[in-house]
Amino acid sequence: MYEIVSRTESIRPDIAFFYSSYDTASAYLRSEKYPKKPGEKCVISDACDDILILRLQLNIMTHVTMDDKRVYDVIHKTLNVSIQMLKDSLEKRKEFLNDIRKEGKVVDHRRSHDSADHVIWRWGYWRPDIVRSCIGLYPHWDIYIIDNKAFRKPSKYHALSPDIKCILYGLLLIEKYQLNVNEQSHRNKRDKIRDRYFTKVTDEGLVDLPEGITETHNGVITFLSDDNRHDVMYAFVTECLVEESDLEFFLTTASRDVISEYCRSWCYEKSKGERCLYVPDYPEKMYDLFIDKLQLDIISHCTMSDEGIHDSISKRYGVPWEVLQWDQEARERYVEYAKRGTQTVHHARGMIVGCAGAGKTTLLTRLLGCSEEEIKQVTTTEGLSVHEEIFKICDETKSLIAKSAIKSKDRTENDADTFEKTLTFFDFGGQCAYYACHQIYLTRRAFYILVMDASKRLDQVVDNAVCDQADTAFSGWTYKEYFLFWLKSIHTYCCNVTEGLTGKAEILLVATHWENAVYKNSQEFLDSLHKSLPDQSKLAQYIRKDRCFLAQFPLTPLKELERCIVNITVLSKWSENIPHEWIFLNDEINKKRGIRLFLPFKEIENMMPVQKEKKGQSVRDMLKYYHEVGKCLFFNEDGLKDLVIIDIQWFIDTFKSIITDKLHVKGILATNRDWNEYYETGNLKDTLLDEIWKLNNGSSEKESGKSILHKRKLLLYMQRLGFLAVGEDVHYVPCMNKKEFASPQKQIIQNLPKTSVLVYLFEFLPYFLFYRLVVFCMQLPEWKVLENNRISCLYKKAAMFAYEDHYICLAVTTTSIQLQIFNPEKEKQIAKKVCVLVRRNVDEMMKDITSTFHKHLQFKTGFTCTEERKQVVGEDVEKIFIAESEIHGHGESMICPRHQLESFHKIDTKYLSGFW
């Protein structure tokens, strides 16, 4: 065991947990927080507690790892054993298992000719090869494992004769649980059950059923009560649905009624008292059978709370992924729309990202087939350029056809009705000033081209002449740091954890300026990227030779890159079924973009081809969908819901003109004092904003005076997205703030009565998330921005507020957002009520700002293990973070779980958690 662990620790630290036998697991494996005894030979879990539990099953209850009380919750969720039972003494837990051994019946499965063999317990890594269910509502699953044997609790229905069970089980599988004795339709279900499980039963028609189970009215047999049906279902599941082939039989044979009532996806979290039969997510056909049985109605089924089944539904029925995230009522409405008819659209999106000056726009121009002379005229992208449906995807020739190259005479009258695959590109400006608006467009419904300048070394600092990063959060960044920033951003926002490795983002790497490359060949380039990654990083999966392409001058064909893009964009995942009544808006936006900036809600409502009484809600659902896929901007909120922004490019250009870096400021009339204040503090005077928008308005009908005309609405939209906070005379743009939160401010907090530092820790945290939090806090009426000498206490990496008679400080570090409350009067203490209310505010806002992206961003909540007098926000927490769950229930003090040997010390758990 020592050899196995030592040789695989750096590669696969979980290998012992995946491949150990039951005996080895019992002897050596322990949970993650197990308190190891001196001299004990064991392997401690590294996030593998659930695997250990699945391996040992109910024997875990008497295993030595039960000394780790923090594993109880995982056992409860994995094996459906009550927490109270787990907290019982070891003797009581042993007694519980012995009672099962005595009273339980070893489960058999039926093979040909009715020969009954014991079910063999087969360890299947993530799940057992035995059907999991909870119909009987016992304090464990219906079929449970002890000593590597499968048991069930005996039921009176198990003892019934086969011919009676054949009828009862058939009744379960029939529509509406109604068996009409005068019709022959019920025979089909009974015959299938008989042929599979009770072959010795002769076909002599219906037999008399025992009293108290069913009732008959007008020749229709039904269950006497729901409880009777549940009891029969328990007997059927534990006798007949034992292995995967049995479950496949059930899913293909049973009615929609029984499937809908009992079946749930594999990771569904059941409520108390709920009866569930879990459908495994592997092999894929299991989910397909489950989905096909319920068809579109699965979208309104309770199993939708398990996001693990969403992609299977989307692939099977083309339901937009965004719709699957909607609440129950909205999904039910979508089912109504879809049942009235849908139209398939195939629209892929590509995002071109990377550091400034890398050649992103040039790359897109080359893909469009422009000449070398045209390419040399390309200028730096400012902000974000949206190129809507600029390519037609040709699957047969594996090529992209620029729509601008398709002559009007080549189009036929039938083209409008022809189903075509299209591709839109978003070209992201690389200047760090524009990153504030980039994050909301990173989505898992796109593929990414990450462009790097191969003429620059990764450790080389980016020149300020290329990217104005001085005094920003990106100050002094190297090309390596920008590469990791984009790679982490894409992985964080776009990788679907519910799909495992298959849910990773699609990323292509393009090395430009290869004619001046500092690398000998592509392999050396890839090796340097690999070396730049943090240890044990998940990002290595994106650095692949078959996804790496080189671009250089003089121009060489990009056929391999183009072919790879086509292979990605022709996949069925880009196809979606959109309700017929929603299609018109996509056409209207395409026609009116460039002419109209907004469409009034009422105008859209009048155009919608549905009954008048249903229009309002249907329009809101349609606009919500188009907003989430990036086609328009719409918020169903007061002050915003009456107008819909249909020209995203214009909106981005308008915001871009506000956050323009110094490299792009040209001829705007304003005093140096106003400019310097804006660039230093992020405080943008309303008069300066007017000047910026006047200069940036063009002469076209689209732009002439539109920014000023719709100024209030635009600012409210920008505030809703977290770009800025709207004021009367001055607006606050957090991404422009360069003021440091330094020692003087920290010293003030340190010397006053203060709480512990509450930490929200992320695996990867873009600063933009903090900016959004500050903007949202500034909108709370109870929170007032602190001022010192009439200067707002808002900083590049911190923000300070007054709340009642307390002060609040929010700060951001590389991986965390931190919260601390202090009292400006030394003789006064911190009021716990204030702390609880403030935390509730911040928790709600954190939930909002991390879930309004296209993927829920995960974070841990906890504290720092530093002593009370040194507790202050803004410090790096990587080596001192303690999760809130780690200190819960440990009295007033404990040994620091982070420093049990080196830097050994105790922590005051009462002080850390008592305020919050």
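The values are calculated or read from the model by the stated rules, or taken from the named source; none is laboratory data. Computed from a predicted model, the values in this text were never measured in an experiment. Neighbour counts run over all protein chains shown; Cβ positions are idealised from the backbone, glycine included. Accessible surface areas use protein heavy atoms only, side chains included; no ligands, DNA or RNA. Shrake-Rupley method; radii C 1.70, N 1.55, O 1.52, S 1.80 Å.
Excluding same-chain neighbours fewer than eight residues apart, the lysines reachable from Lys41 by a Cα-Cα span under 22 Å are Lys33, Lys69.
Compare the peptides 750-756, 336-342 by average per-residue count of other Cβ atoms within 10 angstrom and give them in order, highest first. Mind showing how you got there, number by number?
Numbers: 750-756: 18.1, 336-342: 15.4.
Averaged packing, sorted descending, gives the order 750-756, 336-342.
Around the amide H of Lys421, modelled in the peptide plane, lie the amide H atoms of Ile393, all under 5 Å away and 5 or more residues distant in sequence or on another chain.
Which entries of Lys456/Lys488; Lys360/Lys421; Lys480/Lys685; Lys531/Lys879; Lys360/Lys488 show an alpha-carbon separation above 29 angstrom in the structure shown? Mind showing how you got there, number by number?
Details: Lys456/Lys488 21 Å; Lys360/Lys421 23 Å; Lys480/Lys685 36 Å; Lys531/Lys879 23 Å; Lys360/Lys488 19 Å.
From the list (Lys456/Lys488; Lys360/Lys421; Lys480/Lys685; Lys531/Lys879; Lys360/Lys488), the Cα-Cα distance tops 29 Å for Lys480/Lys685.
Under a 5 Å amide H cut-off, with hydrogens placed 1.01 Å from N, Ser82 pairs with nothing among residues at least 5 apart or on other chains. Bridging of Lys870 to aspartates and glutamates at a Cα separation below 14 Å is possible for Asp908, once same-chain residues fewer than 8 apart are set aside. Amide hydrogen proximity for Gly727: with H placed 1.01 Å from N in the peptide plane, the residues at 5 or more positions away or on another chain lying under 5 Å are Tyr732. Computed from Cα positions, the angle between helix 244-253 and the longest principal axis of the chain comes to roughly 90 degrees.
From the helices alone, meaning DSSP H stretches of at least four residues, give me the mean residue ellipticity at 222 nm for the chain, per-run term -39500 (n - 2.57), in deg cm²/dmol to the nearest 500.
Working: 35 runs with 334 residues, N = 916.
Taken over the chain, the calculation gives -10500 deg cm²/dmol.
Summary value for the chain: 7 percent relative contact order, contacts being C-alpha pairs under 8 angstrom separated by 6+ residues.
The residues of the chain present an accessible area of 46 Å² per residue when probed at 1.4 Å with all protein chains retained.
Within the accessible surface of the chain, defined with a 1.4 Å probe on protein heavy atoms only, the carbon and sulfur portion equals 48 percent. Against the chain, whose longest principal axis comes from its Cα atoms, helix 686-696 is set at around 90 degrees. Spacing of the modelled spin labels on Asp395 and Thr814, each 7 Å from Cα toward Cβ, amounts to 4.6 nm.
Once you keep just the Cα pairs under 8 angstrom separated by 6 or more residues, what percentage relative contact order results for the range 287-361? It comes to 26 percent, rounded to a whole number. Peptides 344-357, 862-875, 548-561 ranked from most to least packed, by the mean per-residue count of other Cβ atoms within 10 Å: 344-357, 862-875, 548-561. In summary, the aspartates and glutamates within cross-link reach of Lys538, defined as a Cα separation below 13 angstrom excluding same-chain residues under 8 places away, comprise Glu763. Taking Cα atoms only, the orientation of helix 711-720 departs from the longest principal axis of the chain by about 40 degrees. Oblate is the label for the range 821-912, because the ratio a/c of its alpha-carbon gyration tensor axes (a ≥ b ≥ c) is 1.5 or higher and a/b is not greater than b/c.
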